[in-house]
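The block underneath contains the structure these notes are about, expressed in structure tokens.
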């Protein structure tokens, strides 16, 4: 049973470009969460999605960031017009049911903005 | 507001000794807690969880203790091994109903000395 998959693992973008990060949850999981981690810091919640619905986006910056989880295919975190401050590791997690609580994380995408 | 913090940023122990990693949380409404292990360049790995109706839970070589009176959480690792070297995060879920974001602490770096 494959775990949470994320791609790309490493992404380099110049300032002003767009970054697209993909996440495929574990088989049977329909709840996806995105977190951002700066070096030497803990993870910070960004957004929680179910299929075709954004449930909680309280951690998402108001501008340039968006997320989706379509009926078919992976969840996408999109960052438009990237700036150097967007450089971080972005982790996706999934869970089978919200009432279970536990979230299983993917390996992350390390975004570097030059 | 919600916050989770750790008492010590780094911890060094001798191989074979027991390790205790501490965590303080501030949201008295939190009812679910998780410990994660993160190795360099990888995503957080689920170790053990505990719900607020319990004060102790044991796994393989790990024990989590929850003291709701002082809002304190600890992770005990027995007979530490070199493979235990990593950063350990505690995380809380303020509610098992509705939004499912996890609030992470800053992390404790555990180093095992041979």
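Just so it is clear, none of the values below were taken in a lab; they were calculated from the coordinates. It should be emphasised that the depicted structure is a prediction, and the values quoted were computed from it without experimental measurement. Please note: Cβ atoms are built from the backbone with ideal geometry, for glycine as well, and neighbour counts cover all protein chains shown.
In this label model, residue B:69 and residue A:15 are separated by 5.5 nm, measuring between points 7 Å along each Cα→Cβ vector.
Taking 7 Å steps out from each Cα toward its Cβ at residue A:2 and residue A:112 produces label points 2.6 nm apart. What FRET efficiency would be calculated for the residue pair residue A:27, residue A:68, taking the C-beta separation as r and a Förster radius of 22 Å, to the nearest 0.05? So the FRET efficiency works out to roughly 0.65.
The value obtained for chain A, namely the Cα convex hull volume divided by the number of residues, is 99 Å³ per residue. Once you reduce the stretch B:27-98 and the stretch A:1-38 to the center of their Cα atoms, the two points are 24 Å from each other.
If you model the stretch B:5-98 as an ellipsoid using its alpha carbon gyration tensor, with each semi-axis the square root of five times an eigenvalue, the axes come out at 23, 14, 12 Å, biggest first.
Taken residue by residue and averaged, Cβ atoms of other chains lying within 10 Å of the Cβ of A:35-43 number 5.
The gain in end-to-end length when the residue B:17 to residue B:60 segment is fully stretched comes to 13.9 nm, 0.36 nm per residue minus the alpha carbon separation.
Percent of Cα pairs in the protein assembly as shown per distance bin of 5 Å, from zero to the largest separation: 1, 7, 14, 18, 19, 16, 12, 7, 4, 1, 0.
With the simple model of a label 7 Å out from the Cα in the direction of the Cβ, residue B:113 to residue A:58 spans 4.3 nm.
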